[in-house]
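As structure tokens, the structure follows; a few thoughts come after it.
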Amino acid sequence: MTAYRVRLAAPADAEAICRIYNQGIEDRIATLETELRTTDERRQWLASRSPRHPVIVAETSESVGAGTASPAPTEGGLREARPGSVSADNRSVSADNRSNRSDPIAWASLNVFNARAAYRYVADISVYVERAWRGKGAGRVLLEKLDDLGRQHGFHKLVLSAFPFNTSGMALYERLGYRTVGLYREQGRLDGKWVDTIIMEKLL
């Protein structure tokens with residue numbers, strides 16, 4: 001597994017977050033959204049977030065300071081990077097503005113599940129990984145960090161919606177303790193076809 005640094009998203013990350021999100025929209029594997037986003041829209045989206053619903057990004061330690069991220073050829077355990085990074089115990093997250101920041105290769109967020117007060121202990125989650133980095137461990141690192149952040153912000157449960165044909169994603173969710181709650185039949189329409197979605201949950 002490649003080593004990753006995880007930190008809170010900053011306004012300067014809007015372009016990378018937009019690019020990664022648009023890849024998810026175009027590839028039709030992670031969302032029922034069909035309209036591509038713009039950098040300005042993502043910047044406004046970041047600015048509108050409450051502290052309880054943070055956005056985090058993952059960088060590769062190999063690309064910090066390089067300006068761009070490229071897949072690392074080596075495998076291995078998640079190793080400690082530098083201050084403000086996710087280390088082996090996956091605890092620390094920072095939003096510093098050091099010049100050695102690189103472009104994110106993945107992002108994730110805790111989202112409002114329902115505006116009603118009774119649902120304030122439930123968060124919906126989003127995780128998106130750049131095409132070239134899928135299957136290299138970034139999604140797992142971000143999901144584990146969302147667990148930590150969920151507990152820190154007082155959430156009792158995390159929920160997500162997935163496509164049944166996204167088998168690798170669902171396998172990862174299951175490995176990290178999510179269970180299937182149910183199936184929405186023909187929940188949305190993509191490219192002229194009805195699409196089912198699976199709902200999953202994890203108690204923290």
Any residue at all in the stretch 181-189 that is surrounded by fewer than 11 Cβ atoms within 10 Å (Cβ to Cβ), farther than 21 Å from Val129 by Cβ and either in contact with a Cys (Cβ under 7 Å, 6 or more places away or on another chain) or among the basic types (Lys, Arg) (or both)? yes
Is it the case, given these coordinates, that Arg52 is in contact with a His (Cβ under 6 Å, 6 or more places away or on another chain) and either at pLDDT 95 or above or surrounded by fewer than 14 Cβ atoms within 10 Å (Cβ to Cβ) (or both)? yes
Does any residue of the stretch 150-170 turn out to be within 24 Å of Glu26 (Cβ to Cβ), at pLDDT below 95 and small (Gly, Ala, Ser)? yes
Tell me which residues, restricted to the stretch 7-17, are part of a helix (DSSP H, G or I) and out of contact with any Phe, Trp or Tyr (no Cβ under 9 Å at 6 or more places or on another chain). Pro11, Ala12, Glu15
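What number of residues in the stretch 101-134 are farther than 22 Å from Cys18 by Cβ, without any contact (Cβ under 8 Å) to a residue 60 or more places away in the chain and not basic (Lys, Arg)?
8
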For the stretch 10-22, give me each residue that is closer than 19 Å to Leu143 by Cα and touching a helix residue (DSSP H, G or I) at 6+ places or on another chain (Cβ under 6 Å). Ile17
For the stretch 190-200, the count of residues that are in contact (Cβ under 8 Å) with a residue 12 or more places away in the chain and either of a type in the set (A, V, I, L, M) or surrounded by fewer than 10 Cβ atoms within 10 Å (Cβ to Cβ) (or both) equals 6
Is the stretch 56-79 home to any residue that is out of contact with any Asp or Glu (no Cβ under 8 Å at 6 or more places or on another chain) and modelled with pLDDT of 95 or more? yes
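The values are calculated or read from the model by the stated rules, or taken from the named source; none is laboratory data. Everything numeric here is computed off the predicted structure, so don't read it as measured data. Please note: Cβ atoms are built from the backbone with ideal geometry, for glycine as well, and neighbour counts cover all protein chains shown.
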